[in-house]
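Accompanying notes for the structure given below.
The values are calculated or read from the model by the stated rules, or taken from the named source; none is laboratory data. Everything numeric in this text was worked out from a predicted model, so none of it was measured. Using ideal geometry, Cβ is built from the backbone for each residue, glycine included, and neighbour counts are taken over all protein chains shown. Ligands, DNA and RNA are stripped out before the accessible areas are found, and what is left, the full protein with its side chains, is counted by its heavy atoms. Shrake-Rupley method; radii C 1.70, N 1.55, O 1.52, S 1.80 Å.
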Amino acid sequence: MHVDIFPSKSHLFHRPLQAETQGSSLIPSRSPKTVTKTTLSTPPSSSSMSTVNDLTGSAYHLSIVSSSENVDAKSPPSNEQAPALLAKTRLDVFLHNVNAPAVSISVPKFGVRIETTPQLALCIGLISKEGANVDRLEDPVLDMTSDTAAIHAWCKAMKQDSTERDRLFWLATRMADEFAKDVSKDSTEISEMVLIGPVLDREHYRSVLSCIITAFNQAVLLDVDLLQGLVQLVQSAPPGSLLSDDLVKILRILRIRLLDTHQQTSEHPYLLTLAISRVLDVMADHKVQDLDRVEEQEPLSGVLSGLKGSSDPFLLYQACYAFQALQYVPNDETVLQAVLRHTPGVVDGLVKITAVMKLDLGAVLEGLDNLQEVLGDTFSTVGTAYEGVCSLMESGRGVVDSLKEGYGSGKKRPWYAAIRAANVLAQAGQLQDLNRLICEAPCRHDPLFQWGICQLLGEIASDAMWDPTVRQQAVELIGALNRDDPEWGEDKSVNTWMLNIINQLGAVSDHAVGESARRLLKELRHEQALAIGLPYPLWNRLALPTSSPILTRVHKIPPLSYDLHRLQYLRLEQSQQKVYIPPMAKPSLKAKDDDLFCLMEKTLEFLASGRQVMLVLGDSGSGKSTFNHHLEHHLWTEYKQGDPIPLFIDLPAIDRPDQDLVAKQLKFHNFSDEQIQEIKLHRQLILICDGYDESQQLVNLHCTNSLNQSGQWNTKMIISCRTQFLGSDYHSRFVPQGGHYDRATHNLFQEAVIAPFSQAQIENFVQQYVPLEPRTWNTNDYMDRLITIPNLLDLVRNPFLLSLALEALPGVTEGKQDFSTIKITRVQLYDIFMNYWLDVNKRRLEGNSALSMDDCDMLDQLVTEGFTFLCLDYSTRLAIAIFELQDGNPVVKYTHLRDKNTWKAEFFGPEPEVRLLRESSPLARAGNLFRFVHRSMLEYFLSRAIYTR
């Protein structure tokens, strides 16, 4: 059911003109105004221009052609007066488009510590834009006072120093973390985070937003700073950081708070309704589609409708604006339902009005004309124009009663779109265009449009970030509209609102603006003798923080924490798994196969215990490395400052891991000697050592590295190894030994053996695998082949073999009807996979238009000679070399200048033939380290070499 905010008793703008003229004596009396006609094509002559000087000596121009007739607002216009009344008044006060409002901030010298949050926000904004357009940063708040050469120099230096660049981003993200820790959040801290929010990454922006939402929701009393901060943070959200669900949640909280707010004072409902309006504006801009009509839109309409009993026009206007914003937010209705509930053609009209956001004034005015026509509010004759004005005034009752009776009818009104356009122009500094929009908008006669424009001009005049001249011009434009515009302020509540705004501006700290407002107020009150009601606060952005307490706290965080934070981000990115099935395990090699437990749960129990070493065993391809990466990702995700540090160590990539293992890995991550010593003395590490068997070690790494000895590394070690590598007495290589332990050594050790996949785990793997890229098969297709082909399901209980099978199955089964006749062995599975792998890479190279001429010529030769054969031969020769020339160590380190005259250059040199074969083979690369994608691949190619000899 649709709820009207103010149930309509009659349709506005459509009553006979005679009915209005009969009650004309009740319309508020005002001094007759001179009717004006616009001369747009030619500059005003000296005889037709009225110049008014403001306090600084600057002038605004009232461009008019005076008519000899004076038209009383109480009388219906004659036919001769019709063109005059409908003519557009041009009040030229804002003569130029200007820069958007900003606070000037100096860019620091490179390397100098940033002490204030505004400066940090500015610098990160510059880094994000890589120094582009540094003459003016595209930020709604901050601008630069530094000269262009200094800014370019700073940007260039920052671009070349990734460490310093990363530190600035770290400062911002740690500010978000510190803000989240604060139980109470004062206005200064809120202002800091509102500045930093737009330059944060998505995760930390959402963290700050969540903190402010929670703090506002939990506050017993209305916290105006939190309310303003919440709205500003929503309005300045970085692209992609704000979700529709966020806006719906915020709207729900504001709606509930408004419902619970007592109305003995109107200020809090006024501020809450204003905040709801701003959030709804953002929802309309973001095209939020999931605002449920029953759960959100109807209750909000009901709350706003509850304000209709107020006689306060200020509150009523904000409620009406919020209701109109609500009409422009798409909801979960179908197009047919929307058409049935609204008048036909609304959708097309809204499409045309999207030109507002392009800041093209001509398109804006055209769109408003089209929208006004579509929404049925076109006033093409003097009679309907006059009727519209009079009907809104309801025979003297003004906008208050009009709102109660008509403007909650659930219809979209063009005045809302016009005010949104005006706000966008103002935010962009297009004040000359704003001036023209005010004068030419087709809905400018509408008192609600006039309310919104007066509020916008008041906010410009009161905002210290605007240039003082602009602020004074905003005051003068309010006065000019009140005094010199025949269509403006016919409703007395609009005049009262204008006087309230001017009265508030008389108290601003800027002397010139305040004096200008006081002088204007004295003039208007003398002329009109109208009372000033409650001085509602104009909505302005939060003041810039006078100090930076959060940034100061972050500066005190030791540098080690920053480098650990950097490592955390790096490893979280590198350790993410596309497909992950939690492995099951049994407690030892001798344990029963059905004595299984979740390996992750058992590992976390180990980390919480007093044990020091956990050995993870498994067959080749059983998922040991995958589990280790997932464990690291989990530990870094849960990491908080001071927690044990997760450290993943690829043992085959470490030179002599039996000595200084931990220090070597930390140096690989660019920790300094001082930081390494600090970690050694004061922190605990969780060492995740992967590939003990591939490192060719026969010693106990825990013992040779003196782990957990007095004055040495405080660690927990998880170490993985293939079961095939071990002899019968393997425990001595892993159990902590020595006489310095407080308990028996077997109490410091535990092990787990990864079990083969169950059928349910295989199906779960396939379900995660299928969506990774477009495929013609679904999960059921894969499972059907895996089950039907004899012995294949048992073969692929190993995760690596399962991944090979899934890649190869479509080709193996193509054109075959009876899958039960297909025979696949382990070796055949590798053969099929390699043919598939190489065919994909050949097609990739052939379709690569970026290849150089030399590469294209070489590719043609390789294809002619037999691309698949040559690639298989390359990998086979490499496998032989790894076993013969570096004792089976699977990781090959190649640096061209050092190794160009060694055997390694045959496989890793820069020549086109070598490079194309290498890039097409199943190899993985990390910097200057190369290895086969899996240990079993190395063994497969070695077996091919033995078989073919």
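Filter the range 924-949 down to residues that are without any contact (Cβ under 8 Å) to a residue 12 or more places away in the chain and in a strand (DSSP E or B) and give me whichever is least open to solvent (accessible area, probe 1.4 Å). Here the answer is 924. The residues of the range 511-547 that are open to solvent by less than 50 Å² (accessible area, probe 1.4 Å) and modelled with pLDDT under 70, listed by number, are 528, 532, 533, 536. For the range 660-678, the set of residues classified as open to solvent by 50 Å² or more (accessible area, probe 1.4 Å), within 22 Å of residue 892 (Cα to Cα) and within 42 Å of the chain's Cα centre (by Cα) consists of 664, 667, 668, 670, listed by residue number. If you take the residues in the range 501-510 that are of a type outside the set (A, V, I, L, M) and out of contact with any Gly (no Cβ under 6 Å at 6 or more places or on another chain), which one is surrounded by the fewest Cβ atoms within 10 Å (Cβ to Cβ)? Across the range 501-510, the extreme among qualifying residues is 509.
Could you tell me which residue of the range 457-494 is farthest from residue 543 (Cα to Cα), considering only residues that are among the polar types (S, T, N, Q) and under 42 Å from the mean Cα position of the chain (by Cα)? Across the range 457-494, the extreme among qualifying residues is 493. The condition of being open to solvent by 60 Å² or more (accessible area, probe 1.4 Å) and under 20 Å from residue 931 (Cα atoms) holds for only one of 814, 906, that being 906.
Filtered by the rule that a residue be modelled with pLDDT of 95 or more, out of contact with any helix residue (DSSP H, G or I) (no Cβ under 7 Å at 6 or more places or on another chain), more than 30 Å from residue 794 (Cβ to Cβ) and open to solvent by 30 Å² or more (accessible area, probe 1.4 Å), the range 610-659 gives 634, 644. Residues that are among the small types (Gly, Ala, Ser) number at least 3 in the following helices (runs of 4 or more DSSP H) confined to the range 765-863: 799-813.
Please verify whether residue 589 is within 30 Å of residue 753 (Cα to Cα) and part of a helix (DSSP H, G or I), treating the condition exactly as stated. No. Among the residues of the range 868-891, is there at least one that is open to solvent by 20 Å² or more (accessible area, probe 1.4 Å), closer than 23 Å to residue 938 by Cα, in contact with a helix residue (DSSP H, G or I) (Cβ under 9 Å, 6 or more places away or on another chain) and among the aromatic types (Phe, Trp, Tyr)? Yes. The single condition from (1) of a type in the set (Gly, Ala, Ser); (2) in contact (Cβ under 8 Å) with a residue 40 or more places away in the chain; (3) closer than 25 Å to residue 811 by Cα that residue 879 fails is (3).
Being open to solvent by 50 Å² or more (accessible area, probe 1.4 Å) and either closer than 22 Å to residue 101 by Cβ or part of a helix (DSSP H, G or I) (or both) is the filter here, so list the residues in the range 548-560 that pass it. Within the range 548-560, 552, 553, 559 qualify. The residue that is nearest to residue 222 (Cα to Cα), counting only those in the range 192-202 that are open to solvent by 10 Å² or more (accessible area, probe 1.4 Å) and either touching a residue at least 60 places away in the same chain (Cβ under 8 Å) or among the aromatic types (Phe, Trp, Tyr) (or both), is 194.
Taking (1) basic (Lys, Arg); (2) touching a Lys or Arg at 6+ places or on another chain (Cβ under 9 Å); (3) farther than 22 Å from residue 936 by Cβ in turn, residue 898 satisfies each apart from (2).
Checked against the criteria, residue 482 does not count as part of a helix (DSSP H, G or I), modelled with pLDDT of 85 or more and either under 27 Å from residue 225 (Cα atoms) or open to solvent by 20 Å² or more (accessible area, probe 1.4 Å) (or both).
In the range 679-738, of all residues being under 24 Å from residue 892 (Cβ atoms) and among the polar types (S, T, N, Q), the one that is most open to solvent (accessible area, probe 1.4 Å) corresponds to 724.
Yes or no: residue 190 in contact with an Asp or Glu (Cβ under 6 Å, 6 or more places away or on another chain) and in a helix (DSSP H, G or I)?
Here the answer is yes, as residue 190 does meet what is asked.
I'm told residue 474 meets every condition in (1) within 21 Å of residue 319 (Cβ to Cβ); (2) of a type in the set (A, V, I, L, M); (3) touching a Leu at 6+ places or on another chain (Cβ under 6 Å) except one. Can you identify the failing condition by its number? If we test residue 474 against (1) within 21 Å of residue 319 (Cβ to Cβ); (2) of a type in the set (A, V, I, L, M); (3) touching a Leu at 6+ places or on another chain (Cβ under 6 Å), just (1) comes out false. Under the condition of being within 27 Å of residue 260 (Cα to Cα) and among the β-branched types (Val, Ile, Thr), which residue from the range 169-191 is most open to solvent (accessible area, probe 1.4 Å)? Looking at the filtered set, the residue picked out is 183. For the residues 591, 653, 608, the requirement of being of a type in the set (Gly, Ala, Ser) and touching a Leu at 6+ places or on another chain (Cβ under 6 Å) singles out 653. The helices (runs of 4 or more DSSP H) found entirely in the range 866-912 that carry 2 or more residues being within 47 Å of the chain's Cα centre (by Cα) and either modelled with pLDDT of 95 or more or aromatic (Phe, Trp, Tyr) (or both) are 867-885, 905-908. Contact annotation: residue pairs with Cβ atoms under 7 Å, 6 or more positions apart or on different chains, pairing a residue in the range 556-579 that is under 20 Å from residue 687 (Cα atoms) with a partner that is among the β-branched types (Val, Ile, Thr), are 564/645; 572/637; 577/626.
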